[in-house]
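Contents: one structure, followed by commentary.
No lab work stands behind these numbers, since they all come straight from the coordinates. What you are looking at is a predicted structure, and each value in this text was computed from that prediction instead of being measured. As a convention, Cβ positions derive from the backbone with ideal geometry for all residues, glycine included, and neighbour counts pool all protein chains shown.
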Amino acid sequence: MRTLIILLAQTKSAAAFEILILLLVAAIIGYITAWLYYKSVYVRKIKTIESENDKLNKQIVNLHADKINLHNSLSEKDKEIEFLSKEVHTLKLLNEEAAQETNGLKLKNKKTKELLYEKDEALVLIAQRKHLLDYKSFGTASESEKDDLKMICGIGPFIEERLHALDIKTFKQISKFTAKDIDTINIAIEYFSGRIERDEWVAQAKELNVTKEKRIEFLDRIRARKTRLYYDRIGIAKKEEADDLTTISGIGGWIKEKLNALDIYTFRQISNFIDEDVDLVTEVIEYFPGRIERDEWILQAQELIRIEGKKSELLKRIRDRKDRIYYDRLGVAHKHQANNLTRIKGISLWIEERLNVLDIYTFKQISNLTPKDVETISEILEISPDRINRDDWVTQAGELIKKQLQKV
């Protein structure tokens, strides 16, 4: 019995152990099964998460690229805004300039109208002086007979209009002027005393008072003398290169035609003249001896080269500086009061023209110049600083005033 009990006890223990083993195996199998199941479930989830993570990473990359693009776009917009701001600022400045220019043009237009009115008034006044003239002495002329009086050196558009107001329209009339006629005409047109004689209008008019055929013959005669000139020294120029030689004070339309007949077309050629060339040209074109030197053609040509032939710009530049002149010290004068300033040694026609632009017309004004005025005017006229003192304009002007008083 005892053995049976022991046997049963052992059997129970083995069964229990087996049961435990079976339970353990079942647990392990269950765990593994569960693990495998959950692994399969979580692997899918992980893959899904990883896939979503990849998508999110790609989105992040795209968003980063978008951010960079937006940043670049913003930078470009900022630059565009800056550019537009500058453009707006520039347009404002241009608008202000345009407004100023418009005002300037309005003022200029107003002044032009005033000048035209004054000019018309002046021409009317001149026409009213016709009775002072002796037309029996130099004759009358119709509109159809009118010559281009500007061909005469010393007659520009301004003087031509005044002569027309007196019914003086032809070379023939001027060629017949007597000393008395000249004095009367000077008074009538309010021209510089002595300038008609100085520029030798009568002699020039006589030369021009011929038929067209005669003028052509005369120019051919000049052309035939070309071989006497030294072109290797003065230079060669073609008609297409021609400067307006009448820009040189002292060269009128007829003198220009004579020079052109010698193939002298440019300022540079005249600037290259030496004394021998001056004498040759004077003789060949049958010009008045000493006139080229007196009117300083060479100096004027050199200056016109320097300013690139822009004489009108130089005169405008001088006119714009008028406010630097002390007229309360120099005195005020008008064109009709003008003296012949070329009587002062050192004042050529070209310098006189510049002085006139500054409303300096009389010996009295020149005589009033102080050292400070001399310095200022030299700078404004763009002439050598020592020229006025070297030629002693002030003393010469004083002497000419004395002579005027003695005549009175």
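Figures for the structure shown
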quantity	calculated
Cα gyration tensor, the range 130-306 - rounded (a/c under 1.5), prolate or oblate	prolate
Listed candidates [x] 107, 27, 23; [y] 36, 26, 19; [z] 38, 21, 20 - label of the one calculated as semi-axes √(5λ) of the Cα gyration tensor in Å	[x]
Net length gained if the chain between Ala16 and Leu36 were fully extended (0.36 nm per residue, minus Cα distance)	4.3 nm
Spin-label pair Glu293/Lys322, simplified geometry with 7 Å Cα→Cβ offset, distance in nm	3.6
Residues Asn72 and Ser378, FRET efficiency given R0 of 60 Å [Cβ-Cβ distance, rounded to 0.05]	0.45
Amide hydrogen neighbours beyond the local backbone of Asp147, cut-off 5 Å, H modeled	Thr170, Phe171
Pairs beyond 18 Å (Cα-Cα), from Lys238/Lys311; Lys238/Lys310; Lys150/Lys256; Lys172/Lys206; Lys172/Lys256; Lys212/Lys256	Lys238/Lys311; Lys238/Lys310; Lys172/Lys256
Inter-site label distance for Thr3 and Asn186 at 7 Å from Cα along Cβ, in nm	18.4
Extension reserve of the Ala98-Glu50 stretch, reckoned as 0.36 nm per residue once the Cα distance is removed	10.4 nm
Inter-label distance, nm, simple model (7 Å from Cα along the C-beta direction), Glu399/His89	6.2
Most mobile of Lys310, Lys45, Lys256 in a GNM of the chain (Cα contacts under 10 Å)	Lys45
MRE, 222 nm, helices only [DSSP H, n ≥ 4, -39500 (n - 2.57), over the chain, to nearest 500]	-21500 deg cm²/dmol
Kyte-Doolittle mean at least -0.5 and Cα axial length at least 27 Å: DSSP H helices in the chain	2-127
Ranking of Tyr135, Tyr191 by count of other Cβ atoms within 10 Å, fewest first	Tyr135, Tyr191
Sequence of Ser13, Ser144 once ranked by neighbouring C-beta atoms within 10 Å, starting from the fewest	Ser144, Ser13
